[in-house]
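Okay, structure first, notes after.
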Amino acid sequence: MKKIKTEILIVGAGASGVCAAIQAARMGRKVALVEESPWLGGMLTAAGVSAIDGNHKLPSGLWGEFRSRLYDHYGGPQAVETGWVSNTLFEPKVGERILRDMALSAGDVHLFHGFFPVEVLMEKDRIMGVRFSNDQKQQMEIRALYTIDATEYGDVIALSGAEFRYGRESAAETGEPGAPAKADRFVQDLTYVAVLKDYGPDADKTISRPQDYDPHEFKGCCREWGDEFQKNTIDAQRMLEYGRLPGDKFMINWPRNGNDYFSHLAVMDRAGRLAEIEKSKAVTLRFVYFIQQQLGFKNLGLADDEFPTSDRLALIPYIREGRRIVGKSTLKLQYILHPYSAEAAGLYQQGIAVGNYPLDHHHDKAGIAVDEEYAPIPAFNVPFACLIPQKVRGLIAAEKSISVTHMVNGCTRLQPVVMQIGQAAGAAAALAVEKDRPVEKLNVRELQETLLQAGMWLMPFTDVTPEHWAFKSLQRVALCGLLKGQGKASDWANEFYIFPEKPVTAREAVEALSALNPEFKVNNDLHFPENLEHSLTRQEGVRMIWQALGSPKESVNLFLNDVQDLAVDFILAQNLGAPWIDFEKELFYPKEPMTRSVFAHLIDHLFQPFKKPLFFE
């Protein structure tokens, strides 16, 4: 049996796993990445779900880098806006090549394909490594300082004995609005994706009639094949345009009476899993035949240049939900709806990934009447504590196995969020190795700063991008609770605003500065407004910050034409005037509003609140 030692072991090279490997390797760590299928990318590529759900305005970290590479390959944003379900669609094989290039160029990453985990090596309550096997009964053992479970099902979590959840919690358990009255073991439907290609108007690419084919299985999928009460649904052409890909291809992942399939795949043994996968494939082949035969699209055939499979279907099923670890904290719906509430206990301050997709659950094929109601939600972030199990050490959860409720899984399972979760998991493991400190004892602020430097959003602000001069300061100050944003539910692309150019009110400034300096009191000699809802001017804001610092006398021999003020002199001495002061004209504009961007910039650099440690406790 082959035995390997590494620093970080990542089991599963899906959307999370490959991003974890890239991030950890870029931080100089030695990584082993083990994947059962021959492709990298999981649901992004191997499962064929190459239409990105959500985060169009939040291209955070490696997700944004991946999208930029897609733009480069296809020729810009418009070239990938081919289907109406998404702003970014691509051929799975192209996505796989991009991810493979990113992984192999990241650093010390060793890839192992064809292996699946069969045993977790434990010493007391700590994971020391994983034993793998392949279909030829060959075995491999990899020992590592940290192990990341990035499998589609949460297999390492189960093998380690870590506590996990499976299925739906009741409203009584979680307190979530819209949750079912009773808990059960129903998880979201999976889908086995096919990619069809247009072979031209005269082509007939109709597949052989599948066994057990009945066109009524897909009744209601489109206008041409619906009952009278379903006539208001979309037509067949529009249904296909849903997942239209570049290259005259069509992703067949249709949720409405299409090729979804319900199964307890995650908790089955390998033999049971493989048998169920064949059943889910059969549903998709029947749907493909239905599209060709019943709807008349004979020119659309299974793409012969996409997946390296004998049946031309995707390599793996698209898994929406599997096991979910019981973590240090669990993200519940009410925490997303009201992140600043006392009940949420400041979990947003641990943010390591952002999302803006709504609660989207697939339960149509479960054979039950689903009694769930999906509340409109704002954009949100995912806390680091959701990646760390309560009891098992040396393990980090990623992919869709993080500590969220079934309800919240509906918005955290999407490709961009999962990619960021993986990137954060890789960064956390790398920091733990570098600092020789247990991952559960990491200073969350150090992790967040690492992620910020890697181009990630940690608060889901859709109105300020990394190109903004105060982006990082706004992120840090907001994560510390010193400035609060405002969320908005907005269909399929939810929002969260920090209002970077909005004036800071006296109340907001006093509350922030009092948190930074508990002894701070407004000095009436400086003539601050008594009305706390008053918007601060630049001069008022700078004076208030200066006073909270203890009114230091440091100054610089640089004078502005429209103000003489010790507080302004101090700011100039700290080189904090660019780019918001007009040095070319030597004007401060003291009566102009003190914007939230400027306020965040100043208190971030002068008080450095992000350097105060944040631990789970």
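Each value in this text was obtained by applying a stated rule to the coordinates, not by laboratory testing. Since we're looking at a predicted model, the values are computed, not measured. Virtual Cβ from ideal backbone geometry, glycine too; neighbours counted across all protein chains shown.
Suppose the chain between Glu119 and Lys488 were pulled fully straight at 0.36 nm per residue; how much longer would it get relative to their current alpha carbon spacing?
On the way: separation 369, 0.36 × 369 = 132.84 nm, distance 4.49 nm.
Length gained between Glu119 and Lys488: 128.3 nm.
Skipping prolines and chain starts, which residues have an amide H placed within reach, meaning under 5 Å, of the one on Phe164, given they are 5 or more residues away or on another chain?
Long-range HN contacts for Phe164: Val326.
Arrange Met239, Met456 by Cβ neighbour counts within 10 Å, fewest through most, would you?
Numbers: Met239 22, Met456 27.
Neighbour counts put them in this order, fewest first: Met239, Met456.
Explain nothing, just compute: Karplus ³J(HN,Hα) = 6.51 cos²θ - 1.76 cosθ + 1.60, θ = phi - 60°, for every residue of the stretch 200-215 in order, whole Hz, x for Gly and Pro.
In residue order, the calculated couplings are x, x, 9, 7, 10, 9, 4, 7, 4, 4, x, 4, 6, 5, 8, x Hz.
Consider the candidate values [x] 1.05; [y] 0.95; [z] 1.77; state which one is Cα Rg over 2.2 N^0.38 Å computed from the structure displayed.
[x]
Measure nothing fancy, just the Cα-based angle from helix 92-104's long axis to the longest principal axis of the chain, in degrees from 0 to 90, nearest 10.
It is inclined by approximately 50 degrees.
Going toward the positive end of the dipole of the stretch 506-611, with +1 on Lys and Arg Cβ and -1 on Asp and Glu Cβ, which of Ala573, His605, Leu587 do you reach last?
His605
Give me the angle, in degrees from 0 to 90, between the Cα long axis of helix 538-548 and the longest principal axis of the Cα atoms of the chain, rounded to the nearest 10.
Compared with the principal axis, the helix lies near 80 degrees.
What is the magnitude of the charge dipole of the stretch 506-611 about its Cα centre, with +1 placed on the Cβ of each Lys and Arg, -1 on the Cβ of each Asp and Glu, and no other charges, expressed in debye to the nearest 20? Walk me through the numbers before you get to the answer.
Details: 9 positive and 16 negative charges, 43 e Å.
About 200 debye.
For the chain, what is the charge dipole size about the Cα centre, in debye to the nearest 20, if Lys and Arg each add +1 at the Cβ and Asp and Glu each add -1 at the Cβ?
1480 debye
Explain nothing, just compute: Karplus ³J(HN,Hα) = 6.51 cos²θ - 1.76 cosθ + 1.60, θ = phi - 60°, for every residue of the stretch 9-19 in order, whole Hz, x for Gly and Pro.
10, 10, 9, x, 10, x, 4, 6, x, 5, 5
Using a 10 Å cut-off around each Cβ, can you sort Glu321, Glu495, Glu592 from fewest to most neighbouring Cβ atoms? Show your work: numbers first, answer last.
Working: Glu321 26, Glu495 19, Glu592 14.
Ranking Glu321, Glu495, Glu592 by Cβ neighbours within 10 Å, fewest first, gives Glu592, Glu495, Glu321.
Report the label-to-label distance for His264 and Ala375 in nanometres (one decimal), using points 7 Å from each Cα along the Cα→Cβ vector.
3.0 nm
Just to be sure I understand the model, the point goes 7 Å from the Cα along the line to the Cβ. What's the resulting Lys585 to Arg238 distance in nm?
5.2 nm
Quick check for you: which residues of the stretch 264-279 have the amide N under 13 Å from the point 7 Å beyond the Cα of Asp311 toward its beta carbon?
Answer for the stretch 264-279: 274-279.
Assign unit charges at the C-beta atoms only (+1 for Lys and Arg, -1 for Asp and Glu), then state the dipole size of the stretch 285-424 relative to its Cα centre in Debye, rounded to the nearest 20.
Details: 13 positive and 12 negative charges, 99 e Å.
It comes to approximately 480 debye.
Based on the alpha-carbon set only, what is the convex hull volume of the stretch 3-42 divided per residue, in Å³?
Values: hull volume 2.4 nm³, N = 40.
Dividing the Cα hull volume of the stretch 3-42 by its residues yields 59 Å³.
Starting from 0.36 nm per residue, how many nanometres of slack lie between Lys612 and Arg185 once their C-alpha separation is accounted for? Present the calculation step by step, with values, prior to reporting the outcome.
Numbers: separation 427, 0.36 × 427 = 153.72 nm, distance 4.20 nm.
Separation in residues times 0.36 nm, less the Cα-Cα distance, equals 149.5 nm.
Using a 10 Å cut-off around each Cβ, can you sort Ile234, Ile396, Ile603 from fewest to most neighbouring Cβ atoms?
Ascending Cβ contact count within 10 Å gives the list Ile234, Ile603, Ile396.
If the limit is 22 Å between Cα atoms, which of Lys472/Lys612; Lys2/Lys435; Lys124/Lys441; Lys197/Lys298; Lys298/Lys365 go over it?
Working: Lys472/Lys612 16 Å; Lys2/Lys435 29 Å; Lys124/Lys441 19 Å; Lys197/Lys298 11 Å; Lys298/Lys365 27 Å.
Where the Cα-Cα span goes over 22 Å, the pairs concerned are Lys2/Lys435; Lys298/Lys365.
Taking only Cα atoms of the stretch 506-611, what ratio of Rg to Rh do you get with Rh as the Kirkwood inverse-distance radius?
Expressed as Rg/Rh, it is 0.93.
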